[in-house]
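This report refers to the structure that appears directly beneath it.
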Amino acid sequence: EEAFSIYVKFSKIDFNDDKDQREELQLSAIGILVDNLKELDRAKTFAERASLSPVWSKLGNAQLDEQLASEAITSFLKAQDPTEYLKVCDAANEAELWSDLVPYLEMARETIKENGLDSELIWALSKTGEMAQLETFVNGPNCANIQTVGDRLFNEGLFTPAKLLFASNNNNANGNNANN
């Protein structure tokens with residue numbers, strides 16, 4: 001508790017005019033809350049006041065560790081941090097939070113271009129029933145493994161999105177769409 005108070009006190013502009021050092025102290029303060037005190041509600045309040053990406057990311061990781069997938073997604077969105085997208089996808093899929101996952105994956109896609117990310121976005125869009133958005137995505141530039149996701153959808157009984165993917169994949173194979 002004392003360490004948290006010290007970090008917070010010295011991260012204020014009244015005590016420290018070095019912005020980088022203030023941010024480092026705020027990151028240490030949230031570390032005390034999530035790692036030592038295990039007070040995630042208090043850490044969320046602190047993150048809202050600090051409003052720094054690394055602080056939100058630290059909170060998001062702690063929330064993932066506690067299986068609070070929806071809260072973690074929100075924290076990573078506020079941080080604009082796509083680095084943990086694999087862990088976020090696993091947690092969201094386990095909790096069936098596909099509508100929460102879609103905006104996070106769209107944000108992540110702005111900086112990361114990976115097969116797995118695009119494939120998970122297709123999966124999440126399919127699970128939410130967003131067929132128009134799904135069609136736009138698969139017909140646009142992406143690096144998803146359409147065949148694998150289509151097979152996964154078919155095996156889950158999601159025939160409409162699977163059919164859309166297979167039709168898109170056939171069009172791409174025939175050279176009708178050069179976006180993929």
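The values are calculated or read from the model by the stated rules, or taken from the named source; none is laboratory data. This structure is a prediction, so every number in the text was calculated from the model and none was measured. Ideal geometry is used to build each Cβ from the backbone, glycine not excepted, and the neighbour counts take in all protein chains shown. In case anyone asks, the SASA skips ligands and DNA or RNA and just uses the protein heavy atoms, side chains included. Shrake-Rupley method; radii C 1.70, N 1.55, O 1.52, S 1.80 Å.
In the complete set of protein chains, residue-level accessible area for Cys143 is approximately 50 Å², probe 1.4 angstrom.
The Cα trace of segment 1-102 gives Rg and Dmax of 14.2, 45 Å, the first to one decimal, the second as a whole number. Note on the chain: lysine pairs with Cα distance below 15 Å, sequence gap of 8 or more or different chains, count 7. Length, then width, then depth: along the principal axes, the Cα atoms of segment 52-152 run 37, 25, 20 Å. Along the Cα-to-Cβ line of Asn93, 7 Å from the Cα, sits a label point; which residues in segment 107-135 have backbone N less than 12 Å from it? Those under the cut-off are 116-124.
Against the chain, whose longest principal axis comes from its Cα atoms, helix 69-79 is set at around 70 degrees.
Here the accessible area is traced with a 1.4 Å probe on the protein chains. For the chain, carbon and sulfur cover 47 percent of it.
Once the Cα atoms of helix 53-65 and of the chain are each reduced to a long axis, what angle between those two axes, in degrees from 0 to 90 to the nearest 10, is obtained? Tilt of helix 53-65: around 70 degrees. Accessible area per residue was computed with a 1.4 Å probe on protein heavy atoms; Asp20 scores about 110 Å². Rounded to whole numbers, the Karplus 3J(HN,Hα) couplings from phi for segment 23-36 are 5, 5, 5, 5, 5, 5, 5, 5, x, 4, 5, 8, 8, 9 Hz, using 6.51 cos²θ - 1.76 cosθ + 1.60 with θ = phi - 60°, and x at Gly and Pro. Using 0.36 nm per residue and subtracting the Cα-Cα separation, the extra length available between Glu24 and Gln147 on full extension is 39.8 nm. Percent of C-alpha pairs per 5 Å bin in the chain, short distances first: 1, 8, 16, 16, 14, 11, 9, 7, 6, 5, 3, 2, 0, 0. Helix 159-173 and the longest principal axis of the Cα set of the chain meet at an angle near 70°. Ranking Arg109, Arg152 by solvent-accessible area of protein heavy atoms (1.4 Å probe, all protein chains present), from largest to smallest, gives Arg152, Arg109. Given in Å, the Rg to one decimal and the Dmax to the nearest whole number for the Cα atoms of segment 45-96 are 10.1, 31.
Computed over the chain, relative contact order equals 12 percent, with contacts defined as Cα pairs under 8 Å that lie 6+ residues apart. For the chain, the per residue solvent-accessible surface stands at 54 Å², with DNA, RNA and ligands left out and a 1.4 Å probe. Between Arg42 and Phe15, the modelled label-to-label distance comes to 1.6 nm, taking each label 7 Å out from Cα in the direction of the beta carbon.
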